[in-house]
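Let me begin by presenting the structure, written as structure tokens, before commenting on it.
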Amino acid sequence: MFEYRELFFFLAWRDVLVRYKQTVIGIAWAVVRPLLTMAVFTVIFGRVAKLPDGGVPYPILIFSALLPWQFFATALSESSNSLIINANLISKVYFPRMILPTATIIVALVDFAISFGILAVMMVIYHYPLSISILSLPLFVILAFLAAWGPGLLITALNVKYRDFRYVVPFIVQMGLYISPVGFRSDVVPEQWRLLYSLNPMVGVIDGFRWAICGREAASVYLPGFALSLVTVITLLCLGIAYFRKTERGFADVI
Amino acid sequence: MPSIISVENLGKHYRIRRGAPRSKYIALRDIMAQKLTSLFRPASKSSDSSGLETFWALKNVSFEVNEGEVLGIVGHNGAGKSTLLKILSRITEPAEGRITLRGRVASLLEVGTGFHPELTGRENIYLNAALLGMKRHEVQSRFDEIVAFANVERFLDTPVKRYSSGMQTRLGFAVAAHLEPEILIVDEVLAVGDHEFQKRCLGKMQEVSQSGRTVLFVSHNMNTLGTLTTRCIHLHRGNIINDGPTSQVVANYLSTGNENSALYESQERDSTPKVLRVEVRTSKPGGIHSLFEPLEFHFQIWCPHPIRGACLSFAVNDLTRLSTSVNPWIFDSEQPFARSAGVHHLVCRMPKPHLFVGNYSLNVNFSEPPGGVKFEQLKGVCSFQIECVGRQRLDYPFEIGEACFIEDCEWQANTAKDYGATASA
């Protein structure tokens, strides 16, 4: 895999180029989408449902969660389609197949970086102070990467053989937005359901992000839940890699 | 010295489904439905497994290639050539046997793999090169050579989607031609581009093969094989039936073909009209036809119901010049056919075809009159080759791509009577 790192970067670079070429407003897409989602969520969860904000401006509370969620959603949908889209490459050239789904996550990282810029601007506008916990953010970015990578590998490998798996991803992404703590804080979930709720791998990631961005006082992390989320992430990752490795030899025959 | 490639008892099989309606992909939904029905009807299990048939694309294939050798592979369509190349380039896994490769392998199974239409020529060169296993600094050092070879200097920063198909192929081949692996695997890719470019490609291939690299080369063009290779193997239905000097293997290959035709066949008979079979009856085995010999095109069409006003036409494509040479048709309005349900045979005979020496394929269109339903459109089926076997011009041999077609010509040569007179006056 290391030997093919150049190809990896070339493929990621190709996807980034293609993504922003021939789009009317180009990078603006990466700005408009999260901003609109944030506005809608702020109105629904903050104003209409009046959920607790723990002293954080609601837009920031949402945006700090939207950031990892959008990254996860883009990474998952792009990577799960990556093998099918590049079917011609798979049947004509040899390279470690894992490069394809992984490179697409890099593209999602570019969108993520842009959204992160918006967050920075928002924090300046709201005069929201940074806390020391922001230093841990890279760790949570890696965690988000792993959380998307595992299911991404699994679904893309399944997709090669069973084409109906591509319908699963939009469903996961749509449902996940509401069952993950994006529009609300994790502590509105009743105590007795909290552990079960944490089975969702994105709960750990999002709570971590919020903690890192909003500060220790404003957002606490429920540790047993976080540990459980971590376990789910790792389990899915191992499963994804194992299944991918097992099936990749046959990709060219069935794709 | 151990050989650079050694292949021992290689075998590869595919499962094909017979009888059952063929869907392109397996849907999990169908599998679950099948499992469910078999739960309730355990007896049906045996019929389920008999629906699958094992098809051996390669079986017991063994050979060795020495360093610096240029090996040609010949065989009819479906003989397993492409499967062999795919296994050697590690794209698919063999079912049995083993291969040992002692060196970096680059394979060129298709020209321009991974070209992205939105990216510019420059960007695509880098991407394609990376896919073929070239390192970034290698590309950089050869970038100008590649561009000059492809002759696309002016369009380097234009998206490839605006390139003509010829330019795309040129660019693709140019990148591949500058690969420098120890082992190069090339599938039928030289039959592209215009005449001048083909010549250049051949020259480049010759250069590559003389530079001491090991090359595996599949081609249907016997002339090319003759120039480039010294040794050939002949694959037939997944087995090697001949291995030796090119001239001997090729001669053998040309004479042992099982049928004098190039063939397209489809098994499906459903509720829509279809082309079941297309056959080009060539004068020699293996889809090779001698210049000026009578040529027959046979069609079988399937009509689940009577059709009024059916049209069948086919185009003979010149694969070298990338153009259509002739486009014969049969219209129901002129000559009734397909007016009853069932299978119909149509034969188009050319008593003396004027197609020039070269490689051809057919596009077949079966439809209602213009504006109506198009039942079937086949593209690029039944490749065949027109050769000048026994009709070679002695002074100046025929070359593929020199002309579109050949015509009977009558020449007269007279000396101007008064020329001598004027000169002396």
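The values are calculated or read from the model by the stated rules, or taken from the named source; none is laboratory data. Remember, it's a predicted structure, so these values are computed and weren't measured experimentally. As a convention, Cβ positions derive from the backbone with ideal geometry for all residues, glycine included, and neighbour counts pool all protein chains shown. For accessibility, only protein heavy atoms count, side chains too; no ligands or nucleic acids. Shrake-Rupley method; radii C 1.70, N 1.55, O 1.52, S 1.80 Å.
Checked against (1) open to solvent by 20 Å² or more (accessible area, probe 1.4 Å); (2) within 14 Å of chain B (Cβ to nearest Cβ); (3) touching a Gly at 6+ places or on another chain (Cβ under 9 Å), A:Val31 passes all but condition (2). Flag set for B:Gln206, criterion: closer than 26 Å to B:Pro181 by Cβ and either acidic (Asp, Glu) or part of a helix (DSSP H, G or I) (or both). Restricting A:Arg163, A:Arg185 to residues that are farther than 23 Å from A:Leu109 by Cα, among the charged types (D, E, K, R), in contact (Cβ under 8 Å) with a residue 40 or more places away in the chain and surrounded by fewer than 18 Cβ atoms within 10 Å (Cβ to Cβ) narrows the list to A:Arg163. Residues that are in a loop (DSSP other than H, G, I, E, B), of a type in the set (Ser, Thr, Tyr) and open to solvent by 20 Å² or more (accessible area, probe 1.4 Å) do occur in segment B:230-238, at least one of them. A Cβ distance below 7 Å, combined with a sequence gap of six or more or placement on separate chains, defines the contacts here; from segment A:34-60, residues that are more than 15 Å from A:Gly215 (Cα to Cα) reach residues that are open to solvent by 30 Å² or more (accessible area, probe 1.4 Å) and part of a helix (DSSP H, G or I) in the pairs A:Pro34/A:Gln70; A:Leu51/A:Phe45; A:Leu51/A:Val188; A:Pro52/A:Val188. All of A:Tyr94, A:Tyr4 fail the test of being open to solvent by 50 Å² or more (accessible area, probe 1.4 Å), touching a residue at least 24 places away in the same chain (Cβ under 8 Å) and within 11 Å of chain B (Cβ to nearest Cβ), apart from A:Tyr4.
Residues that are closer than 27 Å to B:Thr224 by Cβ and open to solvent by 30 Å² or more (accessible area, probe 1.4 Å) within segment B:299-344 comprise B:Leu319, B:Arg321, B:Leu322, B:Ser323, B:Thr324, B:Ser325, B:Val326, listed in sequence order. For segment A:220-255, filtered to residues that are of a type in the set (Gly, Ala, Ser) and surrounded by fewer than 18 Cβ atoms within 10 Å (Cβ to Cβ), the residue that is farthest from the other protein chains (Cβ to nearest Cβ) is A:Ser220.
Let's see how each residue does on (1) open to solvent by 30 Å² or more (accessible area, probe 1.4 Å); (2) polar (S, T, N, Q); (3) under 25 Å from the mean Cα position of the chain (by Cα); (4) over 23 Å from A:Arg5 (Cα atoms):
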| position | (1), (2), (3), (4) |
| --- | --- |
| B:Phe115 | yes, no, yes, no |
| B:Tyr126 | yes, no, no, no |
| B:Leu131 | no, no, yes, no |
| B:Val147 | no, no, no, yes |
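Against the list (1) more than 27 Å from A:Phe171 (Cβ to Cβ); (2) away from every other protein chain (no Cβ under 14 Å); (3) surrounded by fewer than 21 Cβ atoms within 10 Å (Cβ to Cβ); (4) at pLDDT 85 or above, the condition A:Ile60 fails is (3). When you check B:Arg136 against the structure, is it within 14 Å of another protein chain (Cβ to nearest Cβ) and open to solvent by 20 Å² or more (accessible area, probe 1.4 Å), yes or no? So B:Arg136 passes the test.
Restricted to segment A:82-166, the set of helices (runs of 4 or more DSSP H) holding at least 2 residues that are under 16 Å from the mean Cα position of the chain (by Cα) and not small (Gly, Ala, Ser) comprises A:99-125, A:137-161.
Give segment B:31-72 a look and list any residue that's open to solvent by 70 Å² or more (accessible area, probe 1.4 Å), of a type in the set (Asp, Glu) and at pLDDT below 80, or say none. Passing the criteria: only B:Glu53. Within segment A:9-21, one or more residues are at pLDDT 85 or above and open to solvent by 70 Å² or more (accessible area, probe 1.4 Å).
The criterion of at least 2 residues that are touching a strand residue (DSSP E or B) at 6+ places or on another chain (Cβ under 7 Å) and more than 10 Å from every other protein chain (Cβ to nearest Cβ) is met by the following strands (runs of 3 or more DSSP E) wholly inside segment B:59-120: B:70-74, B:96-101.
Residue count for segment B:152-174, restricted to those that are touching a residue at least 24 places away in the same chain (Cβ under 8 Å), crowded, with 16+ Cβ neighbours inside 10 Å and within 28 Å of the chain's Cα centre (by Cα): 11.
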